[in-house]
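The numbers here are math on the coordinates, done by the rules we state, and not lab data. Keep in mind the model is a prediction, meaning the values are calculated, not measured.
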Amino acid sequence: MVEVLGSAAGDETFMRIVVLGSRKAAAGTPAFSLVEVMIGVAVMAIMIVGFYLGFSQGFAVIQVTRENLRAAQILEEKMETIRLFTWQDLNAAANPYAFQAKYYPTTPLKGKKASPNEGITYYGTRTITDAPVSESYSGDLKLVIVQLTWTSGKVQRQREMRTLVSHYGMRNCIFFGAK
């Protein structure tokens, strides 16, 4: 607190500064006790562990989502090739047909060999069978099943896609015109 005491001849102002409280009292105030410090450290440790677990779980979810997306892309790619088959090609196709696809393909850096442990390998099969229908047109339908398996960490994962292909389906209309 500052008090102005007055002014004397010659425009000089005298002030008196009053300090509230004393240094002796401030030196005597207690600080945090050891128990309070330990509780604070424990709370901070729990928060840091929580943040770490949250981030690691978030990254794990992102990785599984990426793997599922890649699996869906592979399944769709294999199903799209079926569109290009004629009915004769479909009946003559290798059955079952096995294939592999990579995620994070191993491309070696300059001057280094590729590690065989890099990336995820998807193993798949395409199976073409008669359609499970009993109608009169059952001879003109085929069931195509594409299955995909891969290992993510220590978990075996599997996805599957199915479709029916007709002898007189859209392929004839699109590629050869409607008859």
(message) For the stretch 31-176, what does the relative contact order come out to in percent, with C-alpha contacts under 8 Å and a separation of six or more?
(response) 17 percent
(message) Rounded, prolate or oblate for the stretch 31-176? Axes are the square roots of the Cα gyration tensor eigenvalues, ordered a ≥ b ≥ c, and the cut-off for rounded is a/c under 1.5.
(response) prolate
